[in-house]
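S.K.: Questions regarding the structure given below will be posed in turn.
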Amino acid sequence: MITALALAFAANAQTKHYAGKATHRKVVPRQQTEAEIRLSLENGIANKAQASSQERDILFSEDFANGFNGNNAFGAWTNEDSGGNSIWMVADANSPAGAYSSSDPALASTSAGNGWIIFDCDLYQGGEITTANPAEAVSGYLTSPVMDFSSAQSAILTFEHYFRFCCYDAKPMFLEVTNDAGLNWYAFDVAPEFLGGANDASDNPLLTTIDISALAAGQPGVQIRFAWQPDGNVTHSHYYWGLDDVTISTNPAVNDIRVIACTNGDIFNDFQFRAIPLEQAIPADADGMIVGTIYTNAGTAAHQANIKVEILDEAMNVLASDSSDVEILPNSLMATPNDVVDSVFIASGWQPTVAGTYFARCTVRTLETEETPADNSALRKFTITDDEFGHDDPAALTTTMEPISGTGTSADPFPETGYGNYLTVYNDGSTAYGATIRFGTASTTGTPITILLIKQSTDYNLTDGEYIAGSEYSIDPSWTPNFSSQTYPIYLPFDDGAAIEGGSRYFVGIQTTSEGTERLSIKANREFDEDFSTGVWAETVDGDFIWFFGLTSVCDYTPGVRLVLSERIGVEETNTIGLNSFTVNPNPARDVATLNFDLQGSHYIAYEVRDITGKLMDWKNIGQFSGANNYQLDVSSYPVGQYVVRLVIDGEHLVPTQLQVTK
């Protein structure tokens with residue numbers, strides 16, 4: 001069960017309490033939208049078209065043309081479920097059925113025309129959830145006949161399926177394998193390719209391949225079973241799981257080591273930062289940036305391998321490299337069946353000194369001739385910034401995160417909504433000044449919003465998180481330009497600058513804190529939350545709104561929310577960001593100070609003014625400019641003293657200058 005976040009924080013001299021119990025989100029079944037149905041089918045068709053065409057020796061094949069009686073060389077399937085063997089069904093023309101999934105399409109498997117199997121728990125529920133018809137915990141197994149793989153050196157299981165589940169974030173489906181007449185069953189992730197959450201539908205069909213060699217190769221009494229929530233759970237009460245075209249074959253590949261992913265940057269967690277401020281880069285004397293290589297052995301031979309990591313600049317020149325020797329076993333020789341993926345993390349020795357675009361490259365090398373050499377290397381793009389910290393990739397902000405329920409009417413308001421990211425701080429000495437937000441066009445002008453920074457304490461889910469900084473705003477129409485052309489973030493400063501500590505973890509987020517007709521929409525990377533960095537403000541079963549951590553139906557994406565740290569730009573560096581000059585005059589000023597800025601090209605400009613304590617005195621996102629410009633700043637209400645004025649260029653560069661106010 002996901003642990004919910006409960007926090008209390010003070011902002012603008014008032015105390016606001018956000019509390020909730022450690023429980024799952026309040027999500028109810030719903031029907032798929034037409035757009036979701038179309039996307040799941042399109043993705044499934046594309047997925048099936050990319051299936052491997054390598055020749056394999058077939059050990060077992062089942063297309064369910066004879067239903068549970070089986071159409072294979074070993075015998076019938078057995079099924080059991082908590083509904084008295086009425087939930088597992090041979091699919092018919094109405095499948096899937098039920099109150100919430102009757103409009104969903106049939107499984108688009110290769111041999112769907114001659115039959116497929118469905119676990120239709122939505123149909124079993126008998127209608128919509130009501131007091132008289134409460135959601136019921138369901139569970140069940142579909143078990144294969146006993147199979148003899150004594151002479152097989154490997155065993156690769158492939159099947160086509162699709163599913164939806166309700167209403168909890170963890171997938172209720174498992175694949176289990178035994179080779180000792182069911183004395184011990186070993187579970188595998190039934191859909192590692194699927195990142196969806198509660199109420200979402202998978203691709204249709206979803207092709208899944210699992211290497212079960214560790215349990216099945218060379219074994220005379222192998223069985224597999226498809227399991228839906230073996231322990232039973234009312235939160236997985238609805239929708240369906242459709243299965244077809246189950247095949248177990250030998251592995252045709254002998255020498256086939258693959259790099260699955262190349263990762264970087266966050267040594268405390270999962271190495272997934274895409275924007276790292278210069279001042280938070282790991283110093284060279286601390287071995288520099290860490291690069292992680294996630295790899296697997298897709299062949300049947302063991303290897304003594306070498307993994308090399310490199311840092312490259314935008315022109316693909318190698319700036320630093322290092323390597324490590326590893327032993328990579330095939331799955332048939334693994335000590336535990338699920339250890340088919342491994343990782344190694346290597347210090348590159350590289351510390352960036354200039355902001356810009358860089359790449360990490362991970363390559364696995366062996367003495368043998370690789371059968372698929374194209375997948376022996378992986379490349380990862382990341383950005384070293386002056387003062388922005390984030391997980392999103394601005395070039396891939398192709399979707400939005402929005403309220404998952406409500407229509408925005410008084411009878412059906414949007415719920416409270418919020419999104420943000422967890423960030424690990426490596427070095428001391430940084431100051432958090434605010435956040436940059438990429439708003440979507442569906443955001444409602446005038447929507448009250450809060451930005452906030454929370455420090456993680458002992459609890460990974462911020463249950464005892466400490467409020468550090470924040471501020472309140474309302475959405476301006478200029479913050480939500482045309483979705484396709486928005487190329488800049490909106491800078492929103494905190495009321496006070498806040499020092500952040502090296503070795504600590506923080507959460508930066510944006511939220512609404514009341515339901516209503518106004519909507520918050522944030523641009524995001526679709527299915528990009530590889531490192532579980534996203535947090536979402538959502539409702540518990542008790543009706544409280546709290547921050548949830550990890551993958552959910554609205555957390556599959558990485559929101560365009562970043563933390564802005566202390567400035568790194570000096571006058572001598574301004575040409576590199578498209579600024580020829582920035583001055584304030586007169587200085588000292590009494591009533592009005594003029595901000596003068598000369599730009600190379602077109603840029604989105606904001607400014608902020610802070611006193612010497614870091615308190616925000618004034619700020620504004622003033623729009624897009626090019627060439628020489630000036631802006632009148634009213635300082636007549638400022639107390640006498642010294643101030644820092646920062647020009648914010650494209651939401652990413654804070655260029656400071658001093659201003660003295662006199663009377």
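The values are calculated or read from the model by the stated rules, or taken from the named source; none is laboratory data. These figures come from a predicted structure and were not determined experimentally. Cβ coordinates were reconstructed from backbone atoms using ideal geometry, including for glycine residues, and neighbour counts include every protein chain displayed.
S.K.: Looking at region 120-131, is at least one residue within 15 Å of Tyr240 (Cβ to Cβ), more than 22 Å from the chain's Cα centre (by Cα) and surrounded by fewer than 17 Cβ atoms within 10 Å (Cβ to Cβ)?
M.R.: Yes - at least one qualifying residue is present in region 120-131.
S.K.: I've got another one for you. Just wondering, is there one or more residues in region 571-590 that are over 30 Å from Phe273 (Cα atoms), surrounded by 15 or more Cβ atoms within 10 Å (Cβ to Cβ), without any contact (Cβ under 8 Å) to a residue 40 or more places away in the chain and over 36 Å from the mean Cα position of the chain (by Cα)?
M.R.: No, because not a single residue in region 571-590 is over 30 Å from Phe273 (Cα atoms), surrounded by 15 or more Cβ atoms within 10 Å (Cβ to Cβ), without any contact (Cβ under 8 Å) to a residue 40 or more places away in the chain and over 36 Å from the mean Cα position of the chain (by Cα).
S.K.: Which one of these does Gly113 not meet: (1) in contact with a strand residue (DSSP E or B) (Cβ under 8 Å, 6 or more places away or on another chain); (2) more than 20 Å from Tyr239 (Cα to Cα); (3) of a type outside the set (Asp, Glu)?
M.R.: So Gly113 meets the others, but not (1).
S.K.: (1) outside any strand (DSSP E or B); (2) more than 30 Å from Val561 (Cα to Cα): which one isn't true of Gln304, the others all being true?
M.R.: Of the numbered conditions (1) outside any strand (DSSP E or B); (2) more than 30 Å from Val561 (Cα to Cα), the odd one out for Gln304 is (1).
S.K.: Ok, one more. Output yes when any residue across region 165-173 is out of contact with any Phe, Trp or Tyr (no Cβ under 9 Å at 6 or more places or on another chain), at pLDDT below 95 and not hydrophobic (A, V, I, L, M, F, W, C), and no when none is.
M.R.: Yes, region 165-173 contains a residue that is out of contact with any Phe, Trp or Tyr (no Cβ under 9 Å at 6 or more places or on another chain), at pLDDT below 95 and not hydrophobic (A, V, I, L, M, F, W, C).
S.K.: Could you please let me know if Ile622 is crowded, with 17+ Cβ neighbours inside 10 Å, β-branched (Val, Ile, Thr) and not assigned by TED's automatic domain parsing to the domain that holds Tyr491?
M.R.: no
S.K.: In region 204-212, is there at least one residue being without any contact (Cβ under 8 Å) to a residue 24 or more places away in the chain and outside the structural domain of Tyr557 (by TED's automatic domain parsing)?
M.R.: no
S.K.: Please go through region 157-178 and give me each residue that is crowded, with 19+ Cβ neighbours inside 10 Å, of a type in the set (Ser, Thr, Tyr) and either on the phi > 0 side of the Ramachandran plot or within 27 Å of the chain's Cα centre (by Cα) (or both), ordered by number.
M.R.: Those that are crowded, with 19+ Cβ neighbours inside 10 Å, of a type in the set (Ser, Thr, Tyr) and either on the phi > 0 side of the Ramachandran plot or within 27 Å of the chain's Cα centre (by Cα) (or both): Tyr162, Tyr168.
S.K.: Taking strands (runs of 3 or more DSSP E) that do not extend beyond region 66-135, which have at least 2 residues that are more than 30 Å from Ala49 (Cα to Cα), touching a residue at least 12 places away in the same chain (Cβ under 8 Å) and not aliphatic (A, V, I, L, M)?
M.R.: 78-81
S.K.: Outside any strand (DSSP E or B) and either modelled with pLDDT under 90 or of a type in the set (A, V, I, L, M, F, W, C) (or both): is that true of Ser332 in this structure?
M.R.: Criteria met by Ser332.
S.K.: Quick one: in region 136-161, which of the residues that are out of contact with any Cys (no Cβ under 8 Å at 6 or more places or on another chain) and of a type in the set (A, V, I, L, M) is farthest from Val246 (Cα to Cα)?
M.R.: In this case the residue turns out to be Ala137.
S.K.: Which ones in region 583-623 are touching a Pro at 6+ places or on another chain (Cβ under 9 Å) and either farther than 29 Å from Pro477 by Cα or hydroxyl-bearing (Ser, Thr, Tyr) (or both)?
M.R.: Thr594, Tyr604
S.K.: Name the single residue that is nearest to the chain's Cα centre (by Cα) among those in region 634-659 being surrounded by fewer than 19 Cβ atoms within 10 Å (Cβ to Cβ) and assigned to a strand (DSSP E or B).
M.R.: Per the criteria, the residue is Pro656.
S.K.: In region 508-532, what residues are at pLDDT 90 or above, surrounded by 15 or more Cβ atoms within 10 Å (Cβ to Cβ) and in a loop (DSSP other than H, G, I, E, B)?
M.R.: Once the filter is applied, which keeps residues that are at pLDDT 90 or above, surrounded by 15 or more Cβ atoms within 10 Å (Cβ to Cβ) and in a loop (DSSP other than H, G, I, E, B), region 508-532 yields Thr512, Glu518, Arg519, Leu520, Ser521.
S.K.: Find the strands (runs of 3 or more DSSP E) located wholly in region 179-267 whose residues include 1 or more that are in contact with a Gly (Cβ under 8 Å, 6 or more places away or on another chain) and on the phi < 0 side of the Ramachandran plot, and list them.
M.R.: By residue number, 206-211, 223-233, 238-249, 257-264.
S.K.: Condition check: under 20 Å from Ile577 (Cα atoms) and either out of contact with any His (no Cβ under 8 Å at 6 or more places or on another chain) or not in a loop (DSSP other than H, G, I, E, B) (or both). Does Thr436 satisfy that?
M.R.: When the stated conditions are applied, Thr436 passes them.
S.K.: Could you go through region 338-348 and let me know if any residue there is more than 15 Å from Ile260 (Cβ to Cβ) and at pLDDT below 90.
M.R.: There is no residue in region 338-348 that is more than 15 Å from Ile260 (Cβ to Cβ) and at pLDDT below 90.
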